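The values are calculated or read from the model by the stated rules, or taken from the named source; none is laboratory data. Note that the coordinates shown come from a computational prediction; the quantities given were computed from them, not determined experimentally. Here the Cβ positions follow ideal geometry from the backbone for every residue, glycine too, while neighbour counts run over all protein chains shown.
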Amino acid sequence: MKLLRGKRAVAAVLAAVLATGGATGCSAPGADDKSSDDSGPIKLALADAQSGQLSSLGAWELKGAKLAVSEWNAKGGINGRQITLDVFDTQGDPTIGTNLARKIASEGYIAMIGTAESAVTIAMAPILKQEGIPNITSGQSTGLVAVKSEFLFLNGPTSTTYDETLAKHVVDGQGIKQIAMITNNGSYGKGEHDAFLKALTARGVTPVADQVVTTDQKDFSAALTTIRQKNPKLIFLGAEEVESGLIVKQARDLGITAPFAGAAPQGTPVFLDTAGATNAEGTIVSSPYLSNDISEASKSFAAAYKAAYNEEAELHGAKAYDGTQIVLTALRSSNVASGKDLAEAIRATKYEGLLGSFAYDETGVGIRATSIGVIRSGKLVAAAG
Amino acid sequence: MQVTLQTIIGGISLGAVYALVALGFSLVYRTMGLVNFAHGNVVTVGAYLASTFYLSTKLPFALAMIVAIAVTGVIGLVIERVLRPLENKDFDLMLIGTIGFGIVLDALIIMIWGATGRAVPSPVAGAPIELFGLRIRTYDLVVLAIAALATVLLVLFLSRTKRGAAMQAVAMDHEAATAVGINVGRSNAIAFMVGAGLAALAGGLVGPLLYVSPTLGGALGIKGFAAAILGGFGSIPGAVVGGLAIGVLDSFAAGHFQGYSELVTFLVFTAIIMIRPTGVFGERTVNRA
């Protein structure tokens, strides 16, 4: 009897878990009401983590994309039609992402903005390709290019660009050869690991340590103590904002004084807060958008962003803003086409954005340059030389 | 050698936090025979409350913790009060009730504090202590001391006070305890309250070590649950040993197996549980389910 009750309890728990998991994004495949007619608003979807550890990325993305849409709506929309932007919460989870991709397809959205996570985007890409929905992502993993979907576009450079620029700066420019690496085994970290290692190998440099951590690891003493014993001059960091911050904080506690170097996550306020400003001092960052003062366009974007949300603009918001602008420009130039025609229109769009000049090729990459910045007194500034 | 010792040090401070989480799980389990699936979410609530009082209200860290523990203890009482009608009627529903409470708390956290997290600066200033080339964070020592103190107080409460002895009696045989006039409902309420308080203590302490976000308790909850099982579910010393063991095991696996550390940690855990299904201390006196 006791055993039986135990089993029942387990079954009940399982049922509850299945019910909560299944309820997040289930719409029957037959529920197809594609409304790509010529009247009514133009429906854009934004899929991003709005909850969970990666939700700060999703929040920034949403703000950037919303700003672009509201600017176009204020100017009268496209062909007299207003644009709507609906939000879908991926929770940073690829499984939820695939469910949402089906939902976005069945509810007749013309294009999708997001996601900020390569792994989620890669999971969603086959469905979006099959359904003919162009998607402009903030992911930067080279895996996105490997998907070979003609409907998938990147709103920034790939890891290869970030890390090639970084390696050029630290190895060629500063002559640092004693480099340790610490990366996580998630989609982003793995991409960073491979791209930076490739850039180092091309320069004949072998890292003195190559430590891999998991995405939800909390204690890095083992990896960092190993790195400390190798006495590197620089530590390459390939992990998302919060984890990167924890690694830097623990490294300083362990007495590691070498500066860290990395890509986009290391330039964000979340990284700075988690690590602490003094610990993050001197971090070298490869980023296509160093600050809000680099150009006239970025200054006006930052002002509009500040006015709308009362906070400082940063890279992810700028990327999503650029990406949304590109989609909207393509929608105008193609007279609100959809499917393959819209994808071709995006590919043909030449756009001067906050990150630079976008010109897409067949891989879906539109921009191929980053700049080097350094964190000084808690602020990311352009590096000298 | 240095790497090994430093790894142990790194594992122990998180292990102490896992131990506190495990204590909460075990206390409720040994009193009621119930696994409180909302426990991880209570940890998150505690972490948010402590960090809010510390950062926004600018209370001293110790005071912020005490307030957080008190408020979270009340949440524990509320959970128990709502679930009480189900006690001795339908145990499965009670179990699902705790899952439901977990989801509710999760939603409340996101409504109140937002989906993004916050970093909590360390309340203990000062550089890490250097000893034979090893570095020990002063805050880690604080965490260990508080966790040890909490454990001692809990053991004293259970063994030396009348209320604690009553709870022990309920844990052993709740029908007999009722027969000799012990209020089982009150006993359960105290277990939930103290369990929630321990969760808040764990959450508040771990805030400056990690990053306070809505997912914080999920990760700690799983490790804490594993720790409780490893030590012997329901056993107080078992929870402590289990917590420290999981913390150190985790750190070692991270050092040796890098990307596969999580897999290795839980494989080792599974192996131990297969050899000793009742855990290290193997009490498991309670089985009301």
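For the stretch A:253-270, the set of residues classified as closer than 15 Å to residue A:236 by Cα, assigned to a helix (DSSP H, G or I) and within 14 Å of another protein chain (Cβ to nearest Cβ) consists of A:265 only.
The set of residues in the stretch B:146-166 that are of a type in the set (Gly, Ala, Ser) and closer than 14 Å to residue B:240 by Cβ comprises B:147, B:148, B:150.
Condition test on residue B:151, is it at pLDDT 90 or above, under 30 Å from residue A:249 (Cβ atoms) and of a type in the set (S, T, N, Q)? Taking the combined requirement at face value, the residue satisfies it. Determine if the stretch B:158-174 includes at least one residue that is modelled with pLDDT of 90 or more and surrounded by 23 or more Cβ atoms within 10 Å (Cβ to Cβ). No, every residue in the stretch B:158-174 fails to be modelled with pLDDT of 90 or more and surrounded by 23 or more Cβ atoms within 10 Å (Cβ to Cβ). Filtered by the rule that a residue be in contact with a helix residue (DSSP H, G or I) (Cβ under 7 Å, 6 or more places away or on another chain) and hydrophobic (A, V, I, L, M, F, W, C), the stretch A:190-221 gives A:195, A:196, A:199, A:200, A:205, A:208, A:209, A:212, A:213, A:220. Has the stretch B:234-250 got any residue that is assigned to a loop (DSSP other than H, G, I, E, B) and closer than 30 Å to residue B:85 by Cα? Yes, that holds for at least one residue.
Is it the case that residue B:177 is at pLDDT below 90, touching a Ser or Thr at 6+ places or on another chain (Cβ under 7 Å) and part of a helix (DSSP H, G or I)? Here the answer is no, as residue B:177 does not meet what is asked. Applying the selection to the stretch A:331-369, what residues are of a type in the set (S, T, N, Q) and either surrounded by 18 or more Cβ atoms within 10 Å (Cβ to Cβ) or part of a loop (DSSP other than H, G, I, E, B) (or both)? Of everything in the stretch A:331-369, those that are of a type in the set (S, T, N, Q) and either surrounded by 18 or more Cβ atoms within 10 Å (Cβ to Cβ) or part of a loop (DSSP other than H, G, I, E, B) (or both) turn out to be A:334, A:335, A:338, A:349, A:363.
Screening the stretch B:111-140 for residues that are under 16 Å from residue B:203 (Cα atoms) and within 11 Å of another protein chain (Cβ to nearest Cβ) and picking the one that is nearest to the chain's Cα centre (by Cα) gives B:140.
Could you tell me whether the stretch A:283-292 includes any residue that is within 14 Å of chain B (Cβ to nearest Cβ) and in contact with a strand residue (DSSP E or B) (Cβ under 6 Å, 6 or more places away or on another chain)? No: the stretch A:283-292 contains no residue that is within 14 Å of chain B (Cβ to nearest Cβ) and in contact with a strand residue (DSSP E or B) (Cβ under 6 Å, 6 or more places away or on another chain).
Filtering the stretch A:270-287 to residues that are closer than 17 Å to residue A:312 by Cα and touching a Pro at 6+ places or on another chain (Cβ under 8 Å) leaves only A:271. Looking only at residues in the stretch A:217-252 that are part of a loop (DSSP other than H, G, I, E, B) and more than 10 Å from chain B (Cβ to nearest Cβ), the one that is surrounded by the most Cβ atoms within 10 Å (Cβ to Cβ) is A:239. Can you find a residue in the stretch A:272-295 that is farther than 30 Å from residue A:234 by Cα and surrounded by fewer than 24 Cβ atoms within 10 Å (Cβ to Cβ)? Looking through the stretch A:272-295, at least one residue is farther than 30 Å from residue A:234 by Cα and surrounded by fewer than 24 Cβ atoms within 10 Å (Cβ to Cβ).
Of these, B:53, B:61, B:37, B:25, which one is in contact (Cβ under 8 Å) with a residue 12 or more places away in the chain and crowded, with 24+ Cβ neighbours inside 10 Å?
One residue alone meets the criteria, B:25.
Here residue B:108 fulfils each of the conditions (1) within 14 Å of another protein chain (Cβ to nearest Cβ); (2) in contact with a Gly (Cβ under 7 Å, 6 or more places away or on another chain) apart from (2).
Filter the stretch A:103-128 down to the residues that are assigned to a loop (DSSP other than H, G, I, E, B) and under 27 Å from residue A:238 (Cα atoms) and list them by number. Residues satisfying the conditions are A:114, A:115, A:116, A:117.
Whether any residue in the stretch A:148-168 is in a strand (DSSP E or B), over 11 Å from the mean Cα position of the chain (by Cα) and of a type in the set (Phe, Trp, Tyr) is what I want to check. Yes, the stretch A:148-168 contains a residue that is in a strand (DSSP E or B), over 11 Å from the mean Cα position of the chain (by Cα) and of a type in the set (Phe, Trp, Tyr).
Scanning the stretch B:208-217 for residues that are more than 9 Å from chain A (Cβ to nearest Cβ) and closer than 9 Å to residue B:44 by Cα yields B:212, B:217.
Set side by side, the residues B:67, B:78, B:82, B:45 differ, and just one is in a helix (DSSP H, G or I), over 20 Å from residue B:146 (Cβ atoms) and in contact (Cβ under 8 Å) with a residue 12 or more places away in the chain, which is B:82.
Set side by side, the residues A:175, A:139 differ, and just one is part of a loop (DSSP other than H, G, I, E, B) and free of Cβ contacts under 8 Å to residues at least 12 places away in the same chain, which is A:175. Candidates B:242, B:221: the one that is crowded, with 24+ Cβ neighbours inside 10 Å, within 13 Å of chain A (Cβ to nearest Cβ), within 19 Å of the chain's Cα centre (by Cα) and modelled with pLDDT of 90 or more is B:221.
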